[in-house]
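Since the structure comes first, as structure tokens, the remarks are kept for the end.
The values are calculated or read from the model by the stated rules, or taken from the named source; none is laboratory data. Computed from a predicted structure; not experimentally measured. We place every Cβ from the backbone using ideal geometry, glycine too, and count neighbours over all the protein chains shown. Side chains are part of the model used for accessible areas, which takes the heavy atoms of the whole protein and leaves out ligands, DNA and RNA. Shrake-Rupley method; radii C 1.70, N 1.55, O 1.52, S 1.80 Å.
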Amino acid sequence: MLTGNKGEWSELYVLLNLLASRRLYSAGEEMQKLENVYFPILKILRDESIEKHIEYDLEKEEIIELYINNQLIKSLPRKEIKEYSISLLNEIIKPSQPKSFPIENSDKILGDLCCTKIKAPSTDKTDIQLKLHDIYTGYEGLFGFSIKSELGQPPTLLNASGATNFIYKLEHLTDKELVDKLNSIESRKERISAIASHSIPIFIKIQSDTFQNNLMFIDSYMDKILAEAVLFSYEKNVCKCVDIINWLEESNPLKIPMKGIYKYKLKKLLCSSALGMVPSKLWNGYDDANGGYIVVRTDGEVLAYHIYNRNVFEDYLLNNTTLERPSSKRHGYGFIYEESGEYYLKLNLQIRFLK
């Protein structure tokens, strides 16, 4: 029997839920269901391998026609799929579940769906592909969506790595004895606060040229805006993105002549991270998840932030994300180091959804 964490089982739940409902409902800024805003689902596509392409045709009301490599294999009753969906959700949300766990009857569910894996291998940011019908324009197209679940631990939006280290030169810090004393402070929060009180951190560059170049697609100032946000977050222990933006707008460290620009730029960064951009891989500026985000709420409701309504999606991301402190040993940051007689500090960026 296969095992998975709550996020992985949630992807199978999304597949079952959408097969049963035949509709992709939109979400508002506060993740409320917009009952009158939805897209009829014509097909759901799943590639388990290069050789195995599955299509679930939803155009018939009571049955789902399952094709593998364009050959009709079977028909599934929607009523049964809905029952599978409910039973799977009830197992996922059990509070006693360990980090990774099996689910009773999952072998039968997967067998009926002609699947061998809990989740299909994702392509970049795309976790599921849907052929949708736009009831307003009549347009029908294939869209890729990224899936995020609130049933388990909050997922990351932008993952930490060495690529997400920001490098600051520490002006006015010259005393080696003081440097050793600062580096000996055990608490990372207290250490970075003490370093900032004894020096002026000046942003130099991002450790990864790839991440630096990716940010250029969003804005030529994006690295500097993020560097100010990261430094402020560590110095003042302010983590929520919306709070950091409020500080940037009020303090205006880059002397930007108009209010609202920091907020606008950071929302673009969050949206790009959600739909296509990853720090360690060269990005061409295009969205991989060209449909948007599908979110599984804590009550099991499956809702979408479609890029047709990008402003609502961006507001959702801003209001529901936080800067996180990943492992300093793993990613090599948080301590003063010396190069060519000058002292530097690395601070790391990771963005996660709020609980």
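How many of the residues in the stretch 197-222 are in contact with a Phe, Trp or Tyr (Cβ under 8 Å, 6 or more places away or on another chain) and buried (at least 17 other Cβ atoms within 10 Å of the Cβ)?
6
Do any strands (runs of 3 or more DSSP E) entirely within the stretch 267-341 hold 2 or more residues that are in contact with a Phe, Trp or Tyr (Cβ under 7 Å, 6 or more places away or on another chain), and if so, which?
292-296, 302-306, 336-339
Condition check ((1) without any contact (Cβ under 8 Å) to a residue 40 or more places away in the chain; (2) within 16 Å of SER149 (Cα to Cα)) across all residues:
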| residue | (1), (2) |
| --- | --- |
| GLY7 | no, yes |
| GLU29 | no, no |
| LYS60 | yes, no |
| GLN71 | yes, no |
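Would you point out the residue of the stretch 281-291, among those that are open to solvent by less than 90 Å² (accessible area, probe 1.4 Å) and closer than 25 Å to ASN213 by Cβ, that is modelled with the highest pLDDT?
Checked the stretch 281-291; the qualifying residue modelled with the highest pLDDT is TRP283.
For residues that are under 18 Å from GLY111 (Cβ atoms) and touching a Leu at 6+ places or on another chain (Cβ under 9 Å), tally how many sit in the stretch 39-52.
Matching residues across the stretch 39-52 total 2.
Tally time: how many residues in the stretch 172-194 are over 15 Å from LYS236 (Cβ atoms) and not polar (S, T, N, Q)?
Number satisfying all stated conditions: 12.
Tell me which helices (runs of 4 or more DSSP H) are completely within the stretch 1-117 and hold 3 or more residues being charged (D, E, K, R) and either loosely packed, with under 14 Cβ neighbours inside 10 Å or at pLDDT 95 or above (or both), or say none if there are none.
Fully inside the stretch 1-117 and qualifying: 78-92, 106-112.
Have a look at GLU140, GLU171, GLU150 and point out the one that is buried (at least 16 other Cβ atoms within 10 Å of the Cβ), among the charged types (D, E, K, R) and touching a strand residue (DSSP E or B) at 6+ places or on another chain (Cβ under 7 Å).
None of the others qualify; the one that does is GLU150.
Tell me which residues, restricted to the stretch 227-237, are surrounded by 16 or more Cβ atoms within 10 Å (Cβ to Cβ) and either over 23 Å from ILE167 (Cα atoms) or not aromatic (Phe, Trp, Tyr) (or both).
Selection gives ALA227, GLU228, ALA229, VAL230, LEU231, SER233, GLU235.
Go through (1) free of Cβ contacts under 8 Å to residues at least 40 places away in the same chain; (2) assigned to a helix (DSSP H, G or I); (3) open to solvent by less than 80 Å² (accessible area, probe 1.4 Å); (4) farther than 18 Å from LEU282 by Cα and name the single condition SER193 misses.
Going through the list (1) free of Cβ contacts under 8 Å to residues at least 40 places away in the same chain; (2) assigned to a helix (DSSP H, G or I); (3) open to solvent by less than 80 Å² (accessible area, probe 1.4 Å); (4) farther than 18 Å from LEU282 by Cα, SER193 breaks only (1).
Scan the stretch 339-351 for residues that are open to solvent by 60 Å² or more (accessible area, probe 1.4 Å) and touching a residue at least 12 places away in the same chain (Cβ under 8 Å) and jot them down.
GLU342
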